[in-house]
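Novice: Dropping the structure in here first, questions after.
Quick note: the coordinates plus some simple rules give every number you see, no bench work behind them. Since we're looking at a predicted model, the values are computed, not measured. Cβ placement follows ideal geometry from the backbone for every residue including glycine, while neighbour counts extend to all protein chains displayed.
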Amino acid sequence: MKSPRLPSLSVRASLLLAVLAAVLVPALLWLLASALPRSLPAPAAPWRAAVLLLVVVQGVAGALLVLGLLSRRLEEPLARLTEQALGLAGLRPVATLAPAELAPELAPLVQGMDEVRQRVGQLQGELQAGRARLRKAAMYDTLTGLPNRTLLQELFGHEAASARRQGRSLALLRIGLDRLDTVSDTLGHSVGEELLTGMAHRLAATLRDADFLCRGGDDDFLVLLAGPVGWDRVASAAERLLRCVEQPLQLPRSGQLLGASASIGIAMYPSDGADFESLARAASLALQRSRTLGRGLYSFYQPALDQALRERIDAERELALALERDEFTLVYQPMLDARSGRVVGCEALLRWQHPRRGLLAPADFIDTARQCRLMADIDAWVLEAACAELARWLGQGLAPGRLALNLSVQQARNPALSEALRDALERHALVPAMLELELTEDAFLDDPDGVPRALARWRALGLGLTVDDFGVGYSSLSQLKRLRPQRLKIDCSLVRGLPHDAEDRALAQAMFAMAAALGIEVLAEGVETPAQQQWLLAQGCALQQGHLHGTPLPAEAFAAWLASRTRDHVPA
Ligand code: C2E
Ligand code: MG
Ligand code: MG
């Protein structure tokens with residue numbers, strides 16, 4: 001119940017009034033009573049008693065009045081102020097106190113409380129706005145303004161639950177813009193971003209309101225088709241989306257008119273994935289297949305077809321991890337002068353100590369590494385590890401000869417390689433003549449201009465160059481003349497037929513004659529039998545490598561092998 005309004009008196013004034021009422025009035029009465037003549041006539045005597053009673057009653061009433069006033073003026077407002085403070089702490093709305101209801105002494109406190117309340121309200125508003133901004137940042141892509149994957153995932157949860165209840169399907173489409181990275185690389189990153197944003201708006205305009213479009217990754221979008229989706233509706237939506245991307249797009253900021261294309265992968269819920277992650281993975285696999293089939297296409301996820309793709313993706317991931325986890329290792333195989341038995345060099349050969357599959361040879365992983373562009377990183381690792389090993393052996397007084405490294409074509413073309421080579425040589429205090437780089441002859445064919453330019457740089461550094469696996473590819477003699485490598489390695493497959501296969505004999509002899517004419521050394525790889533060794537020696541091919549002379553060994557075992565040979569070959 002609302003308390004009656006009191007005039008806005010100060011507590012001091014209220015107390016003064018109360019004291020007046022409680023003390024002065026009884027005192028006056030008392031004086032009045034005392035002033036009455038002591039010998040009052042008998043009938044007046046009860047009057048004295050009445051006055052005394054009145055004094056007592058007045059005193060008690062005055063005291064009660066003081067207490068009441070104190071309570072009204074102080075206790076009640078304080079209790080309400082306390083209630084307000086607690087309300088503020090609990091961030092719940094509380095009624096303000098009207099100044100008229102309070103003693104003036106409490107007014108500054110109430111005003112202060114009011115300001116605190118207002119500030120808290122303001123901060124609360126700012127906090128809510130900040131929270132909304134954070135949620136937007138967490139749920140929306142800043143570049144395109146589209147919802148992001150997290151928001152789609154949340155929405156998918158609700159859609160999937162209702163689809164399950166109604167026994168219907170959902171379709172998740174992954175739309176990848178083709179060659180966006182090429183646009184960014186050639187025209188600049190901002191043009192790439194503009195293209196992506198323009199396409200985001202276009203896709204959003206093409207879809208129905210109920211469909212949900214979000215940014216998936218760097219160059220792709222995800223679409224969840226809402227409502228009942230049959231295969232034909234999904235296919236026609238995919239077709240529409242592909243066509244809309246293909247219209248040339250005028251970029252407002254850069255002024256470029258760009259043509260683009262997209263590929264789409266489609267996965268159906270629940271058949272292709274029971275949860276968002278597996279459904280998104282299925283859509284990604286289908287997208288990759290669209291891209292390998294020739295871009296500008298859409299594909300539905302097909303478990304059997306995409307299994308191989310999934311394995312490749314897993315292998316790529318494992319390879320990238322292998323570098324991080326230091327799972328690669330090198331084995332070394334000697335190259336000999338078979339006439340004297342002298343070790344002229346050794347070839348570093350890569351192995352992968354796979355956590356589940358054991359020790360793997362390059363044939364098991366090198367193609368995958370090339371496809372996922374990890375080969376350059378692996379080659380860089382090989383360069384560092386092999387140079388460090390060579391420096392160690394030299395420090396131990398061993399004589400391993402030249403160290404041969406196999407290089408991938410990508411790495412050969414990489415202009416940074418010369419720098420990396422120079423750096424590795426310097427760091428390990430090696431001279432360039434101690435290193436030899438092996439390139440397969442296909443490399444020269446794949447890139448008739450780039451590779452020779454790279455070779456010229458290596459030669460300028462003073463490094464040796466070998467054409468590996470010679471005789472199995474299609475390198476032309478004129479190429480050999482142009483490249484002038486120091487050495488050719490005749491491939492194992494050719495050596496295998498020696499000396500019994502007449503054609504292999506003829507081929508090998510032709511190669512020896514040609515190399516001799518060009519002043520190029522020849523080394524025979526894969527020498528396994530004494531008969532091969534003898535025949536090759538008879539043809540003047542003393543440089544040999546193969547299991548007959550030494551199998552590839554881990555660094556320590558190879559060092560021990562080298563040490564034992566040095567002991568055995570100590571000149572008398
Ligand atoms: P490659 O450079 O021609 O290496 C010679 C291959 O023949 C090696 O196989 C070696 O183990 C094998 N080999 C040696 N002697 C014999 C023999 O008597 N009989 C038979 N049957 N084989 C013999 P590996 O180590 O499996 O290497 C295969 C290929 O992988 C190499 O051929 C090379 O092209 C590539 N490779 C190896 N290590 C690296 C590397 O570090 N980087 C790059 N980019 N490629 C590498
Ligand atoms: Mg080799
Ligand atoms: Mg070879």
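Novice: Return the distance in nm (one decimal) between the two label points of a simple spin-label model at Ala49 and Ser34, each offset 7 Å from Cα along Cα→Cβ.
Specialist: 2.3 nm
Novice: Across bins of 5 angstrom width beginning at 0, how are the C-alpha pair distances of the stretch 289-414 distributed, in whole percent?
Specialist: 2, 9, 16, 17, 15, 13, 11, 7, 4, 3, 3, 1, 0
Novice: While we're here: Arrange the following residues from fewest to most other Cβ atoms within 10 Å of their Cβ: Leu70, Leu417.
Specialist: Leu70, Leu417
Novice: Same structure, new question: So which helices of the chain fit the span-like rule, where a helix is a whole DSSP H run, its Cα atoms reach 27 Å or more along the axis, and its mean Kyte-Doolittle is at least 0.5?
Specialist: 45-70, 375-395
Novice: How compact and how long is the stretch 157-298, expressed as Rg and Dmax of its alpha-carbon atoms in Å?
Specialist: Final numbers for Rg and Dmax: 15.4, 50 Å.
Novice: Per DSSP helix of 4 or more residues, -39500 (n - 2.57); summed, then divided by the residues of the chain. What does that give at 222 nm, rounded to the nearest 500?
Specialist: Taken over the chain, the calculation gives -17500 deg cm²/dmol.
Novice: Also, quick follow-up: Neighbour counts of other C-beta atoms within 10 Å: give me His201, His428, His500 arranged from fewest to most.
Specialist: Going from least to most buried by this count: His500, His201, His428.
Novice: Then there's this: Pull out the extension gain between Asp314 and Ser190, defined as 0.36 nm times the separation in residues minus the alpha carbon to alpha carbon distance; nm, one decimal.
Specialist: Result: 41.4 nm gained on full extension.
Novice: I'd like to know which of Ala235, Ala274, Phe212 lies farthest towards the positive end of the charge dipole of the stretch 149-302, counting +1 on Cβ of Lys and Arg and -1 on Cβ of Asp and Glu.
Specialist: Projecting each Cα onto the dipole axis, the largest value belongs to Ala235.
Novice: Another one. Report the relative contact order of the stretch 159-303, percent, no decimals, based on alpha-carbon pairs under 8 angstrom and at least 6 residues apart.
Specialist: With pairs under 8 Å counted, the relative contact order is 28 percent.
Novice: Sticking with this structure for a sec: What's the whole-number percent of alpha carbon pairs in the stretch 106-222 lying beyond 16 angstrom?
Specialist: Taking all Cα-Cα pairs of the stretch 106-222, the fraction more than 16 Å apart is 72 percent.
Novice: Still on this structure: What Kirkwood hydrodynamic radius, in Å, does the stretch 481-531 give when the mean of 1/r is taken over all pairs of distinct Cα atoms and then inverted?
Specialist: After inverting the mean inverse Cα-Cα distance, the result is 11.5 Å.
Novice: At q = 0.06, 0.08, 0.11, 0.12 Å⁻¹, what base-10 log of I(q)/I(0) does the Debye formula yield for the chain when every alpha carbon is treated as an equal point scatterer in vacuo?
Specialist: Listed by q, the Debye log ratios stand at -0.59, -0.81, -1.08, -1.15.
Novice: Sort 544-554, 135-145, 354-364, 278-288 by packing, meaning the average of other beta carbons within 10 Å per residue, with the highest value first.
Specialist: Peptide ranking by packing, descending: 278-288, 544-554, 135-145, 354-364.
Novice: Kirkwood Rh over Cα pairs of the stretch 176-229 into Stokes-Einstein at 20 °C, 1.002 mPa s: D in µm²/s?
Specialist: The diffusion coefficient I find is 179 µm²/s.
Novice: Taking only C-alpha pairs under 8 Å that are 6+ residues apart, what is the relative contact order of the stretch 412-553 in percent?
Specialist: The normalised contact order for the stretch 412-553 reaches 18 percent.
Novice: Two decimals, Cα atoms only, Kirkwood Rh: what is Rg/Rh over the stretch 196-274?
Specialist: 1.00
Novice: While we're here: Which FRET efficiency, nearest 0.05, do Ala538 and Ala563 yield, Cβ-Cβ r, R0 30 Å?
Specialist: Efficiency, rounded to the nearest 0.05: 0.40.
Novice: Here is a further query. Which of the peptides 243-249, 387-393, 369-375 is most tightly packed, and how do the rest follow, judged by the mean count of other Cβ atoms within 10 Å per residue?
Specialist: My ranking of the peptides, most packed first, is 387-393, 369-375, 243-249.
Novice: About the Cα centre of the chain, what is the dipole size in debye to 20, counting +1 per Lys and Arg Cβ and -1 per Asp and Glu Cβ, all else neutral?
Specialist: 2900 debye
Novice: When the Kirkwood radius is taken over all Cα pairs of the stretch 229-319, what Stokes-Einstein diffusion coefficient follows at 4 °C and 1.567 mPa s, in µm²/s?
Specialist: Answer, rounded: 89 µm²/s.
Novice: Sequence gap at least 6, Cα distance under 8 Å: using those rules, report the relative contact order of the chain to the nearest whole percent.
Specialist: 8 percent
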